[in-house]
Each structure stands twice: as C-alpha cells, then as structure tokens.
Number of protein chains: 2
Amino acid sequence: MASRTDTKTRILDAAEKLFAERGFSETSLRLITSKAEVNLASVNYHFGSKKELIRAVLARYLDVFMPSAAIEINRLHHAPEHASLNEIFSALIKPLLELNKVRNGGTIIFLQLLGRGYIESQGHLRWFITTHYGEHLATFVKAVAASAPHIPPAEMFWRLHFTLGTIVFTMASADALNEIAAADYGEHNNTEAIIRKVIPYMAAGVAVPVLTN
Amino acid sequence: MASRTDTKTRILDAAEKLFAERGFSETSLRLITSKAEVNLASVNYHFGSKKELIRAVLARYLDVFMPSAAIEINRLHHAPEHASLNEIFSALIKPLLELNKVRNGGTIIFLQLLGRGYIESQGHLRWFITTHYGEHLATFVKAVAASAPHIPPAEMFWRLHFTLGTIVFTMASADALNEIAAADYGEHNNTEAIIRKVIPYMAAGVAVPVLTN
DNA sequence: GATTAATTTAAACGGGTGTTTAAATTAAAT
DNA sequence: ATTTAATTTAAACACCCGTTTAAATTAATC
C-alpha cells in the first residue's frame, strides 16, 4: 500500500510541474512517467485516463486552496466593518502562499494550472470548479459584491472574470515577465511580490464606477 | 496565379478560425486543409511548415492592426491636452473593430489568437511582436505613460501586462462568458460591448496610485 | 502549340500519442 | 505457507501527427 500512494504521488508531482510549464496537451504521459520514474501504464492504472489525471492534479490544489480561502473570506465578512476590496483580495494571499509550503513553487504552479485549464479546456474546468466548489466561490463573490455595492451584478460578473484573466495570464507568463523586468528595470520579484502588485490593479478595476452616458 | 493566392487565402481563413477556437497545437493541418477544401500538402508547399503558417496568420492581422492603432494613438498624442487613459484605450476600439470588416468576427479572432500565442508559444510571440512592431508598441506605451505620470516605469511594465492578460483572457473565454451572462443576467454582448466593458476596468487598474507603506 | 514553370494531388514516411493487454512481480489475507 | 489481491512491467495496438516525395495536372511563357 505504501508503494501505491507513492507511485500515485510521484505521478501527480511530476505531472503538475510539467502541466504548469507546458500545458496539458503539450505534456505526454511518457514525459510524465519518465520524470516520475514510474511505468507508463501506471497512469492509466491509477487514474484511468489522462483527462482524469488532469482533474486529480487540479483537485489536489483546489481541495487545499478553496476551503482555506473561504475561511479567510468569512473571517473578513463577519467583521463589523465592511472590508475593502483590497482587503478581500489580500485575504487570498495567505491561502495562496500556503500552497508553497505544500510543494515548492506550489503557488505559481496552482495559478498556472488554473490558467491553462481555463484556456485549454474550453469551459470544462469552469464547470468542474463551479460544481465542486460553488459554495466557496459564492462566499467570495458575495464578499466582493458587498464591498462594491455600486456595481450591478451583471457588471460584477464580467469584472470578476476580467480579474481572473489578469491574475491567471500574469502567472502563466510570470517567468518570462520576471526575466524582462530584471533585464530592463533591475527588478527581481518572487510570486508573492507579483501577487501584491496585481491586487491593487484588480481592486481598482472591479470598483471603478460604471460609466453611464 | 489566381489559384495560388486563392489556396493560400483559403488556408489562412480556415486556420485562423480553428487556431482561435482550439489553439495552435490542438489544430491539425489535416483539420485545416479539410475545412479549407485544399490538399494537405499545400500547407507545406505554400507556407513551409505549420509554425510558419501560424506566423502568417498572426502577421495578417498585426499588419492591419498595428499601423492603424499607431495612427490613432498618435492622433491623440499630438492633441493639445493630454488624453486620459480611457481615451487612449478607447482609441484602440476603432482599429480593433475594423478587423471585423476585414473578416467576419475578425476582432475577436485576432484577440484570441494573441492570447493563444502568448500562452502557447512561451515567449516566441512576445519576441516576434516586439521585434516586428516595436515602434508601434513604443508609441502606445509612451502615450499611456504620459497619461499616468505618477506610475514608475517598472510598475507600468507590470500593469500593461496585467492589461494584456485581462483583455486576452477575456476574449479567449468570451463565448463561454457570454453564454453564462445571457443565462444568468439576460445579457447579450457582442465583441464591441465586451471591449467597452473592459476598458474602464483596465484604465482604473493602470492608473491606481502605487501603494507606499 | 510546344516548352517550361507553378501548383495540386495521392501516397507514404517516420515518429509520437493515449490506451490496452497479459504476464511477472510484490503485498495482503487466510 | 498458500492463496488471493494489488501493483508493476514490457510489449503491442490503433491512431493521429507534420512532413516529404514523385507523379499528375494546371498555368504561364516563348
């Protein structure tokens, strides 16, 4: 039994790294199993198919992040004064950075997987997340809406997806952007620094008054 | 000679649509040539390789969009009063929507291709665009920087890439988001409506004061 | 109209993909 | 210790990929 979980974990560890770096369809099972030093067929034995492996990789992160994020949001929401958007987004920093303790580079891997998933899977991931973590998401959306009551729900829907695009695209390109920033401006940002840069941007965008003319 | 350009165009037309919908690596040459109703080998005959076809598809849009965008930005920049960020971003609407006249759905196809390219090509597209359209990009960046002089260059670098992520991710998911918006809020947005929604979001994010604490 | 060049075509090539199979091995249970 | 179950393994399967080839066809040139 020790060997089973071991093999499963080795596959998940190798897969998530490669998936985040090169995308799902660009990562072959042969590459994963060779990096994980397990037999090719063990993926299908333990996970059934490549698609289910992808889901397992994502679920391993979502199962840690989503409850943790919901707790932080609830903590804010139950506070007497209404939290600002910056505070709400910042409440996600701790859950995100805790993923770094689960695995080296976990934070950026998770965000990159999220982005890859949303773009590559043409809606499948969106469905998967909303059906499996809908309550957690609703907590977050409710908190954001309460902090920006001047934004109509439909407009908020769009802006939250703008926000998702911002963070997810940024993280997918984070390594490349960091290289350019280092070369051109002498900047060296880790994942946390980038997250702290992007939060004010997103908060300002979400809260900007709707143009009426 | 009529047949040559015809075949080339048929390939480009079919390819850009499929590339935008499913991504580059998920789109096979066999799918492209069957949709285009041309022979499989004609892609390699006319373009040399799949990679060069991808470049040709992108260049056909960039060659129209980039000069047109630069003209609009320059028009703003030469005006006596400084343009606002909203005006600068809005100046891109016309060049973007003109792509719709070049081809049906050209605007969203272009933005989706851009997003796919940035995410799939791990920096190749970024290099291609900056080396081929660097002067046009510089015009845009200079105009934005002049409109938000309180943002340091390094911070502006990051915020402009946040902005790219916002628009590009949004457009890549536009169809799916539109379906949800229609079902949940009775909204029906075309490409222009989405662009007009996202511009205030991006402008507010780019201009938000840098936190100093 | 004959000759040359450009294009289209069908077929094959070599290689990579996810998945399945059945035998070999290891672990667990009786 | 023997039987049963779980896991690992090497090999093969069937399929799709981008690219190349060489012959057939079409267009352009002399």
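The values are calculated or read from the model by the stated rules, or taken from the named source; none is laboratory data. Model, not experiment: these values are computed from the prediction. Cβ sites come from the backbone with ideal geometry, for glycine too, and all protein chains shown count toward neighbours. Keep in mind that these areas ignore ligands, DNA and RNA; they rest on the heavy atoms of the full protein, side chains included. Shrake-Rupley method; radii C 1.70, N 1.55, O 1.52, S 1.80 Å.
Compute the long axis of helix A:153-172 from its Cα atoms, compare it with the longest principal axis of the Cα atoms of chain A, and write down the angle in degrees, 0 to 90, nearest 10. Roughly 50 degrees, rounded to the nearest 10. The relative contact order of chain B, computed from alpha carbon pairs under 8 Å that lie at least 6 residues apart in sequence, is 21 percent. Computed from the Cβ-Cβ distance with R0 of 22 Å, the FRET efficiency linking B:LYS142 to B:ARG196 stands at 0.35. Rounded to the nearest 20, the Cβ-based charge dipole of chain A about its Cα centre (Lys and Arg +1, Asp and Glu -1) stands at 600 debye.
Give, in nm to one decimal, the length gained when the segment between B:ALA59 and B:LEU31 is fully stretched (0.36 nm per residue of separation minus the Cα-Cα distance). Length difference between fully extended and current span is 8.0 nm. A DSSP coil position with no more than 14 other Cβ atoms inside 10 Å describes the following GluC sites (Glu not before Pro) in segment A:72-167: A:GLU81. Take A:GLU135, push a point 7 Å out from Cα through the beta-carbon direction, and compare it with the same point in every other copy: 6.1 nm, smallest first.
Between copies, the label points at B:ARG22 (set 7 angstrom from Cα along Cα-to-Cβ) are spaced 2.1 nm, reported in nanometres from shortest to longest. Placing +1 on the Cβ of every Lys and Arg and -1 on the Cβ of every Asp and Glu, with no other charges, gives segment A:1-66 a dipole of roughly 140 debye about its Cα centre. Specify the inter-centroid distance of segment B:111-152 and segment A:131-206, based on alpha-carbon positions, in whole Å. If you average the Cα positions of each part, the centres end up 20 Å apart. Label separation (A:ASN39 vs B:GLU52): 4.5 nm, computed from points 7 Å beyond Cα along the C-beta direction.
Please give me, ordered by residue number, the chymotrypsin sites (Phe, Trp or Tyr not before Pro) of segment B:68-118 that lie in loop per DSSP and have at most 10 other Cβ atoms within 10 Å.
Details: sites: B:PHE89, B:PHE110, B:TYR118; in loops: none.
Here no loop site has a sparse enough neighbourhood.
Rolling a 1.4 Å probe over the protein heavy atoms of chain B, with every protein chain left in place, gives an accessible area that is 56 percent carbon and sulfur.
Roughly how many debye, to the nearest 20, is the charge dipole of the protein assembly as shown about its Cα centre, given +1 on each Lys and Arg Cβ, -1 on each Asp and Glu Cβ, and no other charges? Write out the running numbers ahead of the final one.
Values: 42 positive and 40 negative charges, 203 e Å.
With only Lys, Arg, Asp and Glu charged at Cβ, the dipole is about 980 debye.
Computed from Cα atoms, the angle from the helix A:50-77 axis to the main principal axis of chain A rounds to 30 degrees. Taking every lysine pair in chain B that is 8 or more places apart or spans two chains, those with Cα atoms closer than 17 Å amount to 10. When the charge dipole of segment A:58-207 is built from unit charges on Cβ atoms (+1 for Lys and Arg, -1 for Asp and Glu) and taken about the Cα centre, the candidate among A:SER90, A:LEU177, A:HIS188 whose Cα reaches farthest toward its positive end is A:SER90. Against the main long axis of the alpha-carbon atoms of chain A, helix A:134-147 sits at an angle near 30°. One quarter of the surface of the convex hull around the alpha-carbon atoms of segment A:54-213 equals 10.8 nm², the direction-averaged projected area.
Each of B:MET202, B:VAL38, B:ILE129 was placed along the dipole of chain B (beta-carbon charges, centred on the mean Cα), and the one lying farthest toward the positive end is B:VAL38. Placing a pseudo-label 7 Å from each Cα along the Cα-to-Cβ vector at A:LEU97 and A:ASP6 gives an inter-label distance of 3.5 nm.
Copy-to-copy label distances for B:ALA41, where each label lies 7 Å from Cα along Cα-to-Cβ, are 4.0 nm in order of increasing length.
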